[in-house]
Amino acid sequence: MRKFNVIVNGEAFEVEIEEVGGSAPAAPIKEPVSADTKPTPQPAAPPAPKSEAKPAVSKPVASGAANEVTSPLPGTVLSINCNEGQTVNAGDVVMILEAMKMENEIVAPQAGKITAIYVKKGDNVQAGDLLFALG
C-alpha cells in the first residue's frame, strides 16, 4: 500500500493505493504537498492585438456567368431545401452540408431563381464542386 495526499476543490485527502503488479516507478516519488500550499498567481499576458476575425468556413462562391454556387468545403449533402425553378432571396438556405459532424448552411448569395441543382441528398462533395445555379 502507498499513501498519497490529494487536494480536490481545496480540500485535502489522504488516500491509500494498493499496487497490483508492475515495476518500480520510472521517476522518483516527490514529497506530498501540504493542503496549505496555494499556487502563486502569475500576471496575465498582455492582450493580443485585435485583428478582424475571419469565419472558420468560407461562404459559397458564385462562379461563372450563370451564378453557379460551389461548395466552400468537403462534406456530405444533408438536405436540399429548394427545388429547381423556385425563387429564392439572398441569404435563403438552399442546402445543408455536413462536414466533420457540423451542419453548414449553404445560402443563396443573391436573389434569383434556382435554375439547376447539381447534387442530391447523400452526395459527397469536395471544396469547389458545383452545388446549384441561380438565374
Original post:
Hey, does region 70-83 have a residue that's crowded, with 19+ Cβ neighbours inside 10 Å and free of Cβ contacts under 8 Å to residues at least 40 places away in the same chain?
Top reply: no
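Has region 67-75 got any residue that is closer than 30 Å to Thr115 by Cβ, modelled with pLDDT under 70 and not in a loop (DSSP other than H, G, I, E, B)?
Our first condition is that a residue be closer than 30 Å to Thr115 by Cβ; within region 67-75, this holds for 67-75.
Adding the requirement that they be modelled with pLDDT under 70 leaves none.
Within region 67-75 (the criterion being closer than 30 Å to Thr115 by Cβ, modelled with pLDDT under 70 and not in a loop (DSSP other than H, G, I, E, B)), the answer is no, since none of the residues qualifies.
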Original post:
Counting just the residues of region 84-102 that are under 12 Å from Leu73 (Cβ atoms) and in a strand (DSSP E or B), which one comes out nearest to the chain's Cα centre (by Cα)?
Top reply: Met102
Subject >> Residues within region 84-104 that are more than 16 Å from Ala133 (Cα to Cα) and either surrounded by 13 or more Cβ atoms within 10 Å (Cβ to Cβ) or in contact (Cβ under 8 Å) with a residue 60 or more places away in the chain (or both), tallied >> reply: 4
Original post:
Does Lys121 satisfy being surrounded by fewer than 16 Cβ atoms within 10 Å (Cβ to Cβ) and under 15 Å from Ile80 (Cα atoms)?
Top reply: yes
Original post:
If you go through region 105-135, how many residues are assigned to a loop (DSSP other than H, G, I, E, B) and either free of Cβ contacts under 8 Å to residues at least 12 places away in the same chain or farther than 18 Å from Ala90 by Cα (or both)?
Top reply: 10
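The values are calculated or read from the model by the stated rules, or taken from the named source; none is laboratory data. Keep in mind it's a predicted model, so treat the numbers as computed, not measured. Because the Cβ atoms are built from the backbone with ideal geometry, glycine has one as well, and the counts that use them run over all protein chains shown.
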